[in-house]
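Taken together, the values in this text are just the output of simple stated rules run on the coordinates, not laboratory data. This one's a predicted model, so the numbers in the text were calculated from it and none came from an experiment. So basically every Cβ, Gly included, is an ideal-geometry build from the backbone, and we count neighbours across all protein chains shown.
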Amino acid sequence: MEYVAVLLPSLVVGLLFWFAMKSIFNADKSERQAEARAQAEAEARSAAPLNGPDAESDK
């Protein structure tokens, strides 16, 4: 029982650290995905008028 009392605090702190790091990495991953989506939408919006059917009539 002494071993459990000695190792339990370290295990709890280790698990808390693991959950915190996991949530940070998941938040970073979702932030990168959202940024990529927003950038792709912005590029699509800026390229749409150039590829549209009225692009030749403006010249």
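Points 7 angstrom from Cα along the Cβ direction at E35 and V13: gap in nanometres? About 3.2 nm, to one decimal.
In a fully extended conformation the segment linking A42 and K22 would gain 4.2 nm over its present Cα-Cα distance, using 0.36 nm per residue.
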